[in-house]
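Only one structure is covered here, and it is reproduced in the block below.
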């Protein structure tokens with residue numbers, strides 16, 4: 001059953017379903033790629049074969065960062081006469 005479940009998950013990830021699912025959760029993650037299910041059977045601690053299927057999935061994270069912005073909306077200006085003869089001014 002692991003092979004069937006892995007194939008179903010790969011099919012869903014490659015479909016428009018996954019795009020819509022991630023979009024509904026805020027749109028911060030976008031699915032990019034999903035491999036075919038891989039047979040990664042291994043031998044467990046009791047020396048028994050454990051059937052296992054894995055998928056290589058790639059996603060893109062689109063973070064949104066909000067920071068406070070300092071600005072001004074009021075400026076006070078004044079004018080003064082410059083003395084061009086004195087280089088210190």
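The values are calculated or read from the model by the stated rules, or taken from the named source; none is laboratory data. It should be emphasised that the depicted structure is a prediction, and the values quoted were computed from it without experimental measurement. Reconstructed Cβ throughout: ideal geometry from the backbone, glycine too, with neighbour counts over all protein chains shown.
Taking the conditions exactly as written (over 23 Å from the mean Cα position of the chain (by Cα), without any contact (Cβ under 8 Å) to a residue 60 or more places away in the chain and not in a loop (DSSP other than H, G, I, E, B)), does residue 7 satisfy them or not? The answer is yes for residue 7. Of all residues in the stretch 53-89, those being without any contact (Cβ under 8 Å) to a residue 40 or more places away in the chain and within 30 Å of residue 30 (Cβ to Cβ) number 13.
The residues of the stretch 23-37 that are in contact with a strand residue (DSSP E or B) (Cβ under 9 Å, 6 or more places away or on another chain) and touching a residue at least 12 places away in the same chain (Cβ under 8 Å), listed by number, are 28, 29, 30, 31, 32, 33, 34, 35, 37. Checking each residue of the stretch 59-73 against the condition of being closer than 26 Å to residue 2 by Cβ and touching a strand residue (DSSP E or B) at 6+ places or on another chain (Cβ under 7 Å) gives at least one match.
Taken residue by residue, the stretch 38-52 has at least one member that is touching a residue at least 40 places away in the same chain (Cβ under 8 Å), more than 13 Å from the chain's Cα centre (by Cα) and either surrounded by 10 or more Cβ atoms within 10 Å (Cβ to Cβ) or assigned to a loop (DSSP other than H, G, I, E, B) (or both).
Across the stretch 53-65, the qualifying residues are those that are part of a loop (DSSP other than H, G, I, E, B) and at pLDDT 90 or above, and the one among them that is surrounded by the fewest Cβ atoms within 10 Å (Cβ to Cβ) is 56. Checked against (1) at pLDDT below 90; (2) closer than 30 Å to residue 15 by Cα, residue 83 meets all criteria but (2).
For the stretch 12-35, which residues satisfy the criterion of being in a loop (DSSP other than H, G, I, E, B) and surrounded by fewer than 12 Cβ atoms within 10 Å (Cβ to Cβ)? Scanning the stretch 12-35 gives 25, 26, 27.
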